[in-house]
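The values are calculated or read from the model by the stated rules, or taken from the named source; none is laboratory data. Every value quoted in this text rests on a predicted model; they were computed, and no experiment measured them. Counting neighbours? That spans all protein chains shown, and the Cβs are built from the backbone with ideal geometry, glycine included.
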Amino acid sequence: MATLRTVRKRIKSARNIQQITKAMKMVSAAKLRKAQERIMNARPYAEKIEEVIDELIDSVGPDKRAYPMLRQNEGVKKEALVVIAGDKGLCGSYNVNIIDRAMKELKENHDKNLFVIGKKGLEAMKKVGIEIEKFKYNDKNIDWNDIDELGSDIIKKYSGGKYSKVTMIFSEFQSSLQQKVVTKQLLPVVFEKDEVKKVRDFIYEPTETDVLNGLLIRYAKVQLFRAVLESQTAEQGVRMVSMEMATNNASDMIRNLTLLANKTRQSQITTEILEIVSGAEALK
């Protein structure tokens, strides 16, 4: 049986861990609320710009040669993969699920260049030995300017015919208890047609081509930025739940160790009483 001093040290360690995990849970809860506000503000804009572009594409017709972000780069084999993970651990299987999905994509086609957001993603992708075009940290300091720069680089290379397709992998926030790893095509821009829409007769300035090309560039960057916000929100949700579970586990451990300490102390008291009684009997 462990000594009483050893058990008390383990209880103290468990309480220290409990304090840390409880504090991390509270921090993650605060960050989650802010991240939810950001993603809720971003979603309506992203959905509206998609609606406008969808309508413009319908009015363009089948000839899309004037729109580099809509056309397929035929004959090009190389693809690009944007992997959006986190910078830190202690968030359950959040990073593992994203990296596993990325590895699966790379296994199906090794001829891909990587754009990585998040330190954990960079560490995992370096082990694969595939060329990394650009990397950015996925922390609170990442903003629209960072995504604008990254998006411009991706769009330029796709429009120049370097890639046949650009795909994003990220975690979509659904609730604090549920996240979904999503693989989404960024370029060429495609929309799922739910129904046939009536094309409205608008007058575009300067031209319909210029407006659509400008909106497509904006759309790609907005989708990339939205994916980053989704991933940040999902990460904080997973971390909050993970820290809550760790706090509860620490409480169970403290309870069990306290019971063990009491049993150990009782055993010591019983031994001491027996020694006193034996000593008294020996003196008679």
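Taking LYS107 as the residue in question, decide whether it is within 13 Å of VAL228 (Cα to Cα) and at pLDDT below 90.
It is false that LYS107 is within 13 Å of VAL228 (Cα to Cα) and at pLDDT below 90.
Quick one: how many residues across the stretch 3-44 are surrounded by fewer than 13 Cβ atoms within 10 Å (Cβ to Cβ) and touching a residue at least 60 places away in the same chain (Cβ under 8 Å)?
The total comes to 1.
Spot the failing condition for LEU187; the list is (1) among the aliphatic types (A, V, I, L, M); (2) over 17 Å from VAL82 (Cα atoms); (3) modelled with pLDDT of 90 or more, and only one is missed.
All conditions are met except number (2).
Report whether or not GLU244 is buried (at least 20 other Cβ atoms within 10 Å of the Cβ), under 32 Å from the mean Cα position of the chain (by Cα) and on the phi < 0 side of the Ramachandran plot.
Here the answer is no, as GLU244 does not meet what is asked.
Please go through the stretch 1-18 and pick out each residue that is in contact with a Ser or Thr (Cβ under 7 Å, 6 or more places away or on another chain) and modelled with pLDDT of 90 or more.
If the condition is that a residue be in contact with a Ser or Thr (Cβ under 7 Å, 6 or more places away or on another chain) and modelled with pLDDT of 90 or more, then ILE11, GLN18 are the ones that fit.
Only one residue in LEU257, LEU229, LEU224, LEU216 is at pLDDT 90 or above, within 30 Å of the chain's Cα centre (by Cα), more than 27 Å from LYS88 (Cα to Cα) and buried (at least 20 other Cβ atoms within 10 Å of the Cβ), so which one is that?
Of LEU257, LEU229, LEU224, LEU216, the one residue that is at pLDDT 90 or above, within 30 Å of the chain's Cα centre (by Cα), more than 27 Å from LYS88 (Cα to Cα) and buried (at least 20 other Cβ atoms within 10 Å of the Cβ) is LEU216.
Filter the stretch 238-284 for residues that are of a type in the set (D, E, K, R) and in a helix (DSSP H, G or I) and give the result.
The answer is ARG239, GLU244, ASP252, ARG255, LYS263, ARG265, GLU272, GLU275, GLU281.
Quick test for you: out of ALA102, ALA85, ALA66, pick the one residue that is touching a residue at least 40 places away in the same chain (Cβ under 8 Å), under 24 Å from MET240 (Cα atoms) and in contact with a helix residue (DSSP H, G or I) (Cβ under 9 Å, 6 or more places away or on another chain).
Working: ALA102 fails: under 24 Å from MET240 (Cα atoms); ALA66 fails: under 24 Å from MET240 (Cα atoms).
ALA85 is the lone residue from the list that is touching a residue at least 40 places away in the same chain (Cβ under 8 Å), under 24 Å from MET240 (Cα atoms) and in contact with a helix residue (DSSP H, G or I) (Cβ under 9 Å, 6 or more places away or on another chain).
Are any residues in the stretch 195-213 of a type in the set (A, V, I, L, M), over 12 Å from VAL52 (Cα atoms) and modelled with pLDDT of 65 or more, and if so, which ones?
ILE203
May I ask you to list pairs of residues, at least six apart or on different chains, whose Cβ atoms are under 7 Å apart, with the first in the stretch 107-131 being on the phi > 0 side of the Ramachandran plot and the second being among the aliphatic types (A, V, I, L, M)?
Partner pairs satisfying both residue conditions: GLY118/ILE84; GLY118/ALA85.
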